[in-house]
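Quick note: the coordinates plus some simple rules give every number you see, no bench work behind them. This one's a predicted model, so the numbers in the text were calculated from it and none came from an experiment. Using ideal geometry, Cβ is built from the backbone for each residue, glycine included, and neighbour counts are taken over all protein chains shown.
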């Protein structure tokens, strides 16, 4: 199998995982979590309409949530994915992606947009859109914005998403754990607390930078 074919096939598998989790992030996992918009609006309400305070409060709570055994044990088995991933890691994906989507929503972005979805994925895996755009043969500056993504032809956006999926899947396959976040071996139902505090905050900072408000 050529490397190009491998990138496409594995990229599609990895993208399938991200897409499956994204769908659950938006709709929620009843009865454990509500739809994303309701989730975000509740933080905005609690912050008396101050969306930046709502973002900060939400991020703090998501970091803490990853160490909550009951939430981890209950959620993982409810997400069906196209490839086999341990429930603990599935849950980590869900919580972090939900955090990113909530940041985007609170700052006025359309979380149903394909371009926004791509930025969510890059925030999660730590890739830069400008680098991905260059990899598919287009010129881009360091100031590339969401508006440029919106203007890209659909087939180009698919290629970019496949490259993100490939990065995700290859990172996952190296050690049997998603070492994008330097995951430490886990006890069933419990994500190691030494990981989430640093790495989940790093994901949040990338998301804040990618979704800087509009």
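Working out 0.36 nm times the residue gap between residue 52 and residue 114, then minus their Cα-Cα distance, what length gain in nm do you get to one decimal?
Numbers: separation 62, 0.36 × 62 = 22.32 nm, distance 2.42 nm.
Extra length from residue 52 to residue 114 when fully extended: 19.9 nm.
Rank by packing, highest mean first: peptides 43-53, 92-102, with packing defined as the count of other Cβ atoms within 10 Å averaged across residues. Don't skip to the answer; put the middle values down first.
Numbers: 43-53: 13.9, 92-102: 26.1.
So the order, starting with the most tightly packed, is 92-102, 43-53.
Extension gain residue 19-residue 155, at 0.36 nm per residue separation less the Cα-Cα distance, in nm? Write down the numbers at each step before the final one.
On the way: separation 136, 0.36 × 136 = 48.96 nm, distance 1.66 nm.
Full-extension gain reported as 47.3 nm.
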